[in-house]
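The values are calculated or read from the model by the stated rules, or taken from the named source; none is laboratory data. Computed from a predicted model, the values in this text were never measured in an experiment. Quick reminder, even Gly has a Cβ in these numbers, built from the backbone with ideal geometry, and neighbours come from all protein chains shown.
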Amino acid sequence: MFIDRKDAANFCEDLRRQNKKIVFTNGCFDIIHAGHVRYLTAAKNFGDVLIVGLNTDDSVKRIKGANRPINNQDDRAEVLLGLKAVDHVIFFGEQTAENLIAEVKPAVYVKGGDYTLETLPESKIVQTYGGRVEFVNLVAGRSTTNIVEKILTELK
């Protein structure tokens, strides 16, 4: 289910009242691939409810460049919500997910193994309210950037 950003804090508070352990992750999720599916499945295993913070189209452009995203935010949200592991999606447009995490207050915040506590800006927010940060190993060779490069190479 899609959660409107303005409703995120109250929605998550309701989940906590139901004794649900909230897991949160975030990203662009532009072209879903096996690495994403494995990552999201692993993230879901840390709790009861997986919420994905999904970068808006404008924020993806700022992060990844003018030619991205390949798929618009509504399509990316629909694909994510079609995955068994993903329970909810919330759009956010900031450079990092710090503000959204402060609203959601997940018990567990999950990111890829290419980060560390020191390099992950959101980790400090999570630790202030007693949450924990978990890292999931990335699947080697699986990335949207690699897929885009392969397509462009094949078209030449």
Hey, among the residues in segment 1-37 that are within 24 Å of residue 123 (Cα to Cα) and of a type in the set (Phe, Trp, Tyr), which one's modelled with the lowest pLDDT?
-> 29
Would you mind stating whether residue 52 is under 18 Å from residue 15 (Cβ atoms), crowded, with 16+ Cβ neighbours inside 10 Å and not aromatic (Phe, Trp, Tyr)?
-> yes
Considering only segment 130-147, state which residues are at pLDDT 70 or above and not polar (S, T, N, Q).
-> 130, 131, 132, 133, 134, 135, 136, 138, 147
If you check residue 9 against the conditions, is it aliphatic (A, V, I, L, M), assigned to a helix (DSSP H, G or I) and surrounded by fewer than 20 Cβ atoms within 10 Å (Cβ to Cβ)?
-> yes
Modelled with pLDDT of 95 or more, over 18 Å from residue 104 (Cβ atoms) and part of a helix (DSSP H, G or I) - does that describe any residue in segment 42-57?
-> yes
Could you list all residues from segment 86-116 that are in a loop (DSSP other than H, G, I, E, B) and surrounded by fewer than 19 Cβ atoms within 10 Å (Cβ to Cβ)?
-> 93, 94, 95, 96, 113, 114, 115, 116
Mind telling me which of the residues 70, 32 ends up being of a type in the set (A, V, I, L, M, F, W, C), more than 15 Å from the chain's Cα centre (by Cα), surrounded by 15 or more Cβ atoms within 10 Å (Cβ to Cβ) and part of a loop (DSSP other than H, G, I, E, B)?
-> 70
Exactly one condition in (1) surrounded by fewer than 16 Cβ atoms within 10 Å (Cβ to Cβ); (2) among the hydrophobic types (A, V, I, L, M, F, W, C); (3) in a loop (DSSP other than H, G, I, E, B) is not met by residue 63; state its number.
-> (3)
Return only the number of the condition from (1) surrounded by 19 or more Cβ atoms within 10 Å (Cβ to Cβ); (2) out of contact with any Cys (no Cβ under 8 Å at 6 or more places or on another chain); (3) at negative phi that residue 58 does not satisfy.
-> (1)
Identify, from the list 105, 124, the residue that is farther than 20 Å from residue 7 by Cα and among the basic types (Lys, Arg).
-> 124
